[in-house]
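The values are calculated or read from the model by the stated rules, or taken from the named source; none is laboratory data. The structure presented is a predicted model; accordingly, all values stated were derived computationally and were not measured. Counting neighbours? That spans all protein chains shown, and the Cβs are built from the backbone with ideal geometry, glycine included. For the accessible areas, the whole protein counts, side chains as well, though only heavy atoms, and no ligand, DNA or RNA atoms are used. Shrake-Rupley method; radii C 1.70, N 1.55, O 1.52, S 1.80 Å.
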Amino acid sequence: REQEDYIIKIFELEESFGITRLKELSKILNFSPGAINDEIKRFEKMGLVERIPYKGIVLSLTGKEAAKEVTRKHRIAEAFLYYVLNVPWEKCHLLSSDIEHAINGQLEKYVLKKLKNLKYCPHGNPFVDDEKIKDVRLSEALTNVNYKVSRITYEESDILLKYKTFGILPDEKIKILEKNEKGAVIITHRGKFILDKEDLMIIRVKE
C-alpha cells in the first residue's frame, strides 16, 4: 500500500511539473528526506525510477506502466466517493486512499457499473491514460483568451479547496488577464484571483 502511495505521488508530480523532487515528495508524504531517499533507492533497484542528477527523479517505462495502473484505481475510487457517496470535491482525493487498494476484480466491475461507465475522476483526469486529450498547462495559455478548465493534475486537499473557492473546476470558464514569471491574474465566474507559477503548471485548460 505504501509503495502505491509513492507511485501515485511521483506520477502526479511528474505529470504536473515534469520531474519529482525528493524534497517535495518528503513534504507531501510526511516522511523524512532520509526515508524518502531509501525508498527511492529501492525503486531504482526495481527499475521503476531513474535519477536526474541535481534535479530529481522520473519514472522509467516500467514505472510509468505501474503508475498508470495504481493511479487508475485511485481515480476510480475518487469518482465513487464523489458521485456515489457525495464526498466533497476537495476531500475525495485524500479519502480515496482508504478504499483504492481494495478496488480489484469483481469489486471494480461493480464500482464501474455504479458509476455508469464514467471515464474521468472528479478533477477531470482520465481513469485510463488518453493521448487524445488536447489540453495545455495554464502556463502555456494565451492572455485574454477564453478557456475551459480541463483537469487538475496535482491533487492535494488544500490546493483543491483553493481552486474550488476560485471557481477553478472542470468545464468552468477561465481567462488569464495578466501573466509574468511569478504567476498570473485570472478571472473565473467567482471573480479575479492571483495564481503562482506552480498553479499554472497544475491546471490544464482547453479552448
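Miscellaneous remarks
- Among the protein heavy atoms, those of residue 201 account for about 50 Å² of accessible surface (1.4 Å probe, every chain in place).
- Cα gyration tensor category, rounded, prolate or oblate, for the chain with a/c compared to 1.5: oblate
- Just checking the listed ones, 123, 74, 101: in the Gaussian network model of the chain with Cα springs under 10 Å, the one fluctuating most is 101.
- Accessible carbon and sulfur surface of the range 2-158 relative to its total accessible area, %, 1.4 Å: 53
- Above-threshold pairs, the threshold being 30 Å between Cα atoms, out of 9/175; 9/119; 23/119; 114/197; 45/109; 91/175: 23/119; 114/197; 45/109
- Exposed loop sites are taken as trypsin sites (Lys or Arg not before Pro) in a DSSP loop (any state but H, G, I, E or B) with at most 16 other beta carbon atoms within 10 Å; the longest stretch of the chain without one runs 135-181.
- Of 159, 174, 133, the one that fluctuates the most in a GNM where the chain has Cα springs shorter than 10 Å: 133
- Per-residue ellipticity at 222 nm from helix content only, as computed over the chain with -39500 (n - 2.57) for each DSSP H run of at least four residues, stands at -12500 deg cm²/dmol.
- Remark: the range 109-173 carries 59 Å² of accessible area per residue (probe radius 1.4 Å; ligands, DNA and RNA excluded).
- In the range 47-113, the chymotrypsin sites (Phe, Trp or Tyr not before Pro) that fall in loop regions by DSSP, at most 13 other Cβ within 10 Å: 54
- Fully extending the segment from residue 29 to residue 68, taken as 0.36 nm per residue of separation minus the present Cα-Cα distance, adds 12.1 nm.
- Distances between placed amide hydrogens fall under 5 Å for residue 120 paired with 127, all partners being 5 or more residues away or on another chain.
- Shape of the range 1-120, Cα gyration tensor, a/c cut at 1.5: prolate
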